[in-house]
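Since every read-out is calculated from the coordinates, none of them should be taken as a lab result. The model shown is predicted, which means the values in this text are computed figures rather than measured ones. Note: ideal-geometry Cβ built from the backbone for every residue, glycine included; neighbour counts use all protein chains shown.
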Amino acid sequence: RSESYWDGSAEVIGTTFVDDCQWDRSAEYTDYRTVISNVTNGTLDISEGYAGRMTKSFNAGDFFLSVDYYLPNDNASLTLAFSSDVNNIRIDDGNKYLLYKSSGSVNMRLYRVVGGNYTLISDNITGFVVGSWGNLQILKVGSSIKLYLNGVETVSATDSTHTSGCIGIGTYTPQIGTTSYRNLVIIAAESTSTNGIAACIPPIGGGARYGVQEEVYHTYTNEVRKGKYLVSTCVKTTNADADAIEMYLENTTDSTAITEDASKTVAIALTDTNYMDVEKEMKLGYADRGDTLKVAVRKTDAATEVSPACFVEMLNVTPTIEVI
């Protein structure tokens with residue numbers, strides 16, 4: 001989902017969208033026909049043909065997308081729309097790019113849709129899996145569109161018709177069985193990024209420059225009784241020596257710690273300007289049910305007042321044991 005970013009004076013919207021499907025986030029999407037948020041299994045399930053879920057307020061220009069998919073049989077379909085100006089995954093409506101596998105097909109196709117009229121960009125796309133979980137990734141930068149299926153580049157196309165729009169996942173028609181998705185991540189791209197993918201938030205400035213610590217965070221309403229979750233983040237900075245950064249976890253309803261060791265923070269020691277992965281386990285008890293939880297990456301008070309850029313590529317929460 002969209003991350004929130006506090007720049008010390010105002011809250012703005014960041015440029016990442018993450019849905020691990022562990023919570024019902026349907027309010028953040030526009031659904032076309034029936035899409036089920038299966039929070040028990042951590043999936044988005046679609047059994048109806050020509051149904052899908054589009055991002056509501058996240059309009060991406062250049063971006064990197066990754067999503068896991070499950071096709072139960074050869075007759076199940078898969079559709080992904082991007083750079084769309086309409087909130088549906090139909091091939092005969094609006095302006096968009098549309099990638100789909102139809103029922104019974106042994107390949108996928110990528111189309112450009114203009115005013116409901118569609119033109120083929122790439123045909124005979126193979127590499128998707130049936131009967132087990134697979135992964136689909138798209139990297140769109142300028143006129144370049146690249147598709148990766150299970151880590152293998154299968155399409156490298158050029159088209160500059162559509163420059164931005166919402167993104168959606170769904171099914172084609174007819175649909176037989178239930179197509180499932182999980183772990184949807186969209187990261188806005190940046191042409192100057194050294195790793196080819198954008199930093200997903202604006203730079204964070206000094207730690208307490210405005211009397212409030214700048215941070216990037218997710219907030220959740222806890223809907224489970226108890227369980228353990230792994231909070232992970234990927235962080236880099238343009239000047240490691242000038243930054244003091246930490247991961248922060250708290251039950252903001254009652255200000256209690258929600259970690260195994262009862263500490264709310266873990267220091268992030270950036271020794272160079274490369275990305276660094278950081279993890280901390282979050283432990284929820286019965287008393288946390290219904291409360292608001294917050295996970296964040298923030299500058300500490302020790303950060304310099306005029307601080308270099310700090311980028312958070314990912315801030316995610318995933319179960320580590322069965323949630324009871």
Hey, could you get me the Stokes-Einstein D for region 38-196, Kirkwood radius over alpha-carbon pairs, 25 °C and 0.890 mPa s, rounded to whole µm² s⁻¹?
-> 158 µm²/s
What list of ³J(HN,Hα) couplings, whole Hz, do you get for region 23-36 from phi and the Karplus terms 6.51, -1.76, 1.60, once you set θ to phi - 60° and write x for glycine and proline?
-> 10, 7, 10, 4, 5, 8, 10, 10, 8, 10, 6, 9, 10, 9
Going residue by residue through region 174-186, the Karplus relation 6.51 cos²θ - 1.76 cosθ + 1.60 with θ = phi - 60° gives ³J(HN,Hα) values, rounded to whole Hz and with x marking Gly or Pro, of x, 10, 10, x, 10, 8, 10, 10, 7, 6, 7, 10, 10
Once the Cβ-Cβ distance between T300 and A27 is put in as r, and R0 is 22 Å, what FRET efficiency do you end up with, to the nearest 0.05?
-> 0.10
Its Cα gyration tensor gives region 41-83 an equivalent ellipsoid whose semi-axes in whole Å, largest first, are 22, 12, 11
Between E279 and I176, the two model label points (7 Å from Cα along the beta-carbon direction) sit apart by a distance in nm of 4.1 nm
Short version: ³J(HN,Hα) in whole Hz for each residue of region 250-267, in order, from phi by Karplus 6.51 cos²θ - 1.76 cosθ + 1.60 (θ = phi - 60°), x for Gly and Pro, what are they?
-> 7, 7, 6, 5, 10, 6, 9, 6, 10, 10, 4, 9, 6, 8, 8, 10, 9, 5
Answer rounded, prolate or oblate for region 122-186, using the Cα gyration tensor with square roots of eigenvalues a ≥ b ≥ c: rounded when a/c is under 1.5, else prolate when a/b is larger than b/c, else oblate.
-> prolate
What fraction, in whole percent, of alpha-carbon pairs in region 54-130 exceed 17 Å separation?
-> 48 percent
Mind giving me the FRET efficiency for D291 and W133? R0 is 25 Å, r the Cβ-Cβ distance, nearest 0.05 is fine.
-> 0.20
What is the packing order of peptides 133-145, 41-53, taking the mean over residues of other C-beta atoms within 10 Å and listing the highest first?
-> 41-53, 133-145
Among 173-182, 107-116, how do they line up from the highest to the lowest mean number of other beta-carbon atoms within 10 Å?
-> 173-182, 107-116
